[in-house]
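The values are calculated or read from the model by the stated rules, or taken from the named source; none is laboratory data. No experiment lies behind these values; they were computed from the predicted model shown. For neighbour counting, all protein chains shown are included, and Cβ atoms are generated from backbone atoms with ideal geometry for every residue, glycine included.
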Amino acid sequence: MKLMTTIFCALYFSSAFANLHLAPPNLNINGVEGVFVDIQTAKTVLTYDISKRTAIAKTTLELNQPVSGKVIFDLVNEPTKILFDDQLTSSSTTSMDGVSTVRYLDRDTAAGNHTLVITNEIDKNISFSTDYVKSAFWMSDLSDRRYLEQYLPTNLEYDQYQTDLEVKIVGTDAEHVLYTNGSVNELSINHWKVSYPAGYTASSYFYHLTKKGLIPEEKATYKSIDGRVLPVTVYTDQSTSRFMSATLEILAELEADYGPFPHAQVIIYGAGSGGMEYCGATITSFSALGHELTHSYFARGIMPAHGNAGWVDEAIASWRDGGYRSYTSRSLSRTDMAGHSVYQRTTDRDAYTRGMRFIGFLNDKFQAQESFKVFLKEFFTERKFKPFKTEEFQKAIEDFYNADLARDFDSYVYGKKGTDKHAEIVQENPNHPKLSDKQIFDLL
């Protein structure tokens, strides 16, 4: 038996968070209150059967329901079985203000602690061959319902909870490898148990299962400025040494600017197209590598609580890509990047350009006091692994610089002064291209 365990440091949390204050308003579902809940723990057993070509997940969620009504969660696929406190039930979906969709239980339940057990089949981003399977939890912040809910039952991004995942492959002797950003115990060939930190949200998980040896890999370590020795794994059909060398260089750059790397390991999948960020991991092209690693600080270090906060990390990462330039107000456009419905779950594409220039404008505005990078380091240090809203980001800047930014945010972020969307065509960002389902599938 082989044991591979990644020890997670105290940067993570030993218990779940109650983030209901960050949840959107409860819904009206046919005259009954649809209730956003606090998931406290999740335990999933995921079984791949090569002969049947199926992937079946059984997930047990321990949750707290703050008021009576219909429990809201999310899972894109229709569940095959649902038990709520050992009672068989069903679910339906409903619109959230016309901008997104969620799933809810078809029964009214009382406030309190409950157990929800859901069985579902995974059929997204999975490919079976004669003796092996390739499966991944690829995600995107540019399309709705593209986080963990594509694969397993979960909550909206505001919620954080500890997850245990058991993965089994049956019906083959071909050895597989699991790349994932949790603490991994390999119990035997094709059988793993993974523990993910309690600070993870629905957008945090990196998961890629494939046949061993199918993709070249390289392993190294990186000594953080806080003394930790972090394992670094690079796997790619391109040059592993090129990716590894660049990764170690970028980690040193980011630590010099923003402090110790916030995660316990680094996983880089050089897929040739990219990318997407996860906690301490990324699927990326070589050109997007720096952008995606920056997201381990901003996006998966400090975490957006919903779509209206998603612009912040993309603006910061894009500002870094452009060399941390300063911009004057003449370069700005009025946007509503954080002015959408409170139920929106996607990031506004204005973040990459107009949001980036707004961050550069703040740097220009305050550079006589302190570089905006200094503020970002403090904000990251104080808020890491705590989902935030744009209003909290604004207040933190105002407190740091002793300034009133209401007019600037109203004009350039919230859209309260109108928008200038006609003035500039939003360009596809090369670091985060919006891929088709087939392009995403081909990354397996």
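Laid out as a table, the results:
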{"quantity": "Among the candidates Val234, Val266, residue that is at pLDDT 95 or above, buried (at least 18 other Cβ atoms within 10 Å of the Cβ) and touching a Phe, Trp or Tyr at 6+ places or on another chain (Cβ under 6 Å)", "calculated": "Val234"}
{"quantity": "Filter result (out of contact with any helix residue (DSSP H, G or I) (no Cβ under 6 Å at 6 or more places or on another chain) and touching a residue at least 40 places away in the same chain (Cβ under 8 Å)) within the range 374-387", "calculated": "Leu376, Thr381, Arg383, Lys384, Phe385, Lys386"}
{"quantity": "When residues of the range 46-76 are limited to those that are of a type in the set (S, T, N, Q) and under 16 Å from Asp106 (Cα atoms), the one surrounded by the fewest Cβ atoms within 10 Å (Cβ to Cβ)", "calculated": "Ser68"}
{"quantity": "Residue match in the range 327-334 (condition: farther than 18 Å from Phe380 by Cα, in contact with a helix residue (DSSP H, G or I) (Cβ under 9 Å, 6 or more places away or on another chain), in contact (Cβ under 8 Å) with a residue 24 or more places away in the chain and not in a loop (DSSP other than H, G, I, E, B))", "calculated": "yes"}
{"quantity": "Residue within the range 158-165 that is surrounded by fewer than 24 Cβ atoms within 10 Å (Cβ to Cβ) and modelled with pLDDT under 95 present", "calculated": "no"}
{"quantity": "Set Leu254, Leu289: member being outside the structural domain of Asp321 (by TED's automatic domain parsing) and closer than 14 Å to Phe380 by Cβ", "calculated": "Leu254"}
{"quantity": "Odd one out for Ser195 among (1) touching a strand residue (DSSP E or B) at 6+ places or on another chain (Cβ under 7 Å); (2) more than 30 Å from Ile72 (Cβ to Cβ); (3) surrounded by fewer than 18 Cβ atoms within 10 Å (Cβ to Cβ); (4) not acidic (Asp, Glu)", "calculated": "(2)"}
{"quantity": "Leading residue by the ranking (surrounded by the fewest Cβ atoms within 10 Å (Cβ to Cβ)) among those in the range 169-192 that are among the acidic types (Asp, Glu) and part of a loop (DSSP other than H, G, I, E, B)", "calculated": "Asp173"}
{"quantity": "Of all residues in the range 103-157 being surrounded by 20 or more Cβ atoms within 10 Å (Cβ to Cβ) and hydroxyl-bearing (Ser, Thr, Tyr), the one that is farthest from Leu88 (Cα to Cα)", "calculated": "Tyr132"}
{"quantity": "Subset of the range 346-361 (residues that are buried (at least 20 other Cβ atoms within 10 Å of the Cβ) and part of a helix (DSSP H, G or I))", "calculated": "Asp350, Ala351, Tyr352, Arg354, Gly355, Met356, Arg357, Phe358, Ile359, Gly360, Phe361"}
{"quantity": "From Ile215, Ile225, residue being farther than 25 Å from Asn120 by Cα, assigned to a loop (DSSP other than H, G, I, E, B), touching a helix residue (DSSP H, G or I) at 6+ places or on another chain (Cβ under 6 Å) and at pLDDT 95 or above", "calculated": "Ile225"}
{"quantity": "Given (1) within 14 Å of Asp336 (Cα to Cα); (2) modelled with pLDDT under 95, number of the condition Ala368 does not satisfy", "calculated": "(1)"}
{"quantity": "Residue in the range 363-373 that is assigned by TED's automatic domain parsing to the domain that holds Arg407, surrounded by 15 or more Cβ atoms within 10 Å (Cβ to Cβ) and part of a loop (DSSP other than H, G, I, E, B) present", "calculated": "no"}
{"quantity": "Filtered residues of the range 384-419 (kept if under 19 Å from Ser341 (Cβ atoms), outside any helix (DSSP H, G or I) and modelled with pLDDT of 95 or more)", "calculated": "Pro387, Phe388, Lys389, Val413, Tyr414, Gly415, Lys416"}
{"quantity": "Residue check, Ser273 part of a loop (DSSP other than H, G, I, E, B), closer than 17 Å to Leu435 by Cα and either among the polar types (S, T, N, Q) or assigned by TED's automatic domain parsing to the domain that holds Phe36 (or both)", "calculated": "yes"}
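Listed here are the residues, each with its yes/no results for (1) among the basic types (Lys, Arg); (2) within 30 Å of Ile72 (Cα to Cα).
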{"site": "Arg320", "(1), (2)": "yes, no"}
{"site": "Arg330", "(1), (2)": "yes, no"}
{"site": "Ala338", "(1), (2)": "no, yes"}
{"site": "Tyr352", "(1), (2)": "no, no"}
{"site": "Asp364", "(1), (2)": "no, no"}
{"site": "Ser371", "(1), (2)": "no, no"}
{"site": "Arg383", "(1), (2)": "yes, yes"}
{"site": "Lys386", "(1), (2)": "yes, yes"}
